[in-house]
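The values are calculated or read from the model by the stated rules, or taken from the named source; none is laboratory data. Note that the structure is predicted; figures quoted are calculated from it, not measured. Cβ: placed from backbone, ideal geometry, glycine included. Neighbour counts: every protein chain shown.
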Amino acid sequence: MPSSLHISLPDEMHRFVQERANGTHIYATPSEYIRSLIRREIESDQALQKLQRGMDDFKNGQFSEKSFDDYIKP
């Protein structure tokens, strides 16, 4: 079940979100826009974690046949 999160934004940020989510861009609602930003952040964090694991393996002398790109792909 979805839950709600209420946030306060400065006027400038509120206008920016409204511009992005006015139905003429990709996003029809502010909620869609915010969810998209959060998804991108999650994907970025996951990619960084994979990269860190690869760097840790390298530092510990554990080499892999995987390329750099393999570690950053979601």
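Observations
- Yes/no for I72 being modelled with pLDDT of 85 or more and not basic (K, R): no
- Residue in the range 28-51 that is of a type in the set (A, V, I, L, M), over 19 Å from D70 (Cα atoms) and at pLDDT below 90 present: no
- Selection from the range 8-24 of residues that are of a type outside the set (K, R) and within 19 Å of the chain's Cα centre (by Cα): M13, F16, V17, A21
- Each residue in the range 1-42 was checked for being part of a helix (DSSP H, G or I) and of a type outside the set (A, V, I, L, M, F, W, C), and 16 of them qualify.
- Matching residues, the range 43-72, being exposed (fewer than 11 other Cβ atoms within 10 Å of the Cβ) and either part of a helix (DSSP H, G or I) or under 16 Å from the mean Cα position of the chain (by Cα) (or both): D45, D56, K59, F68, D69
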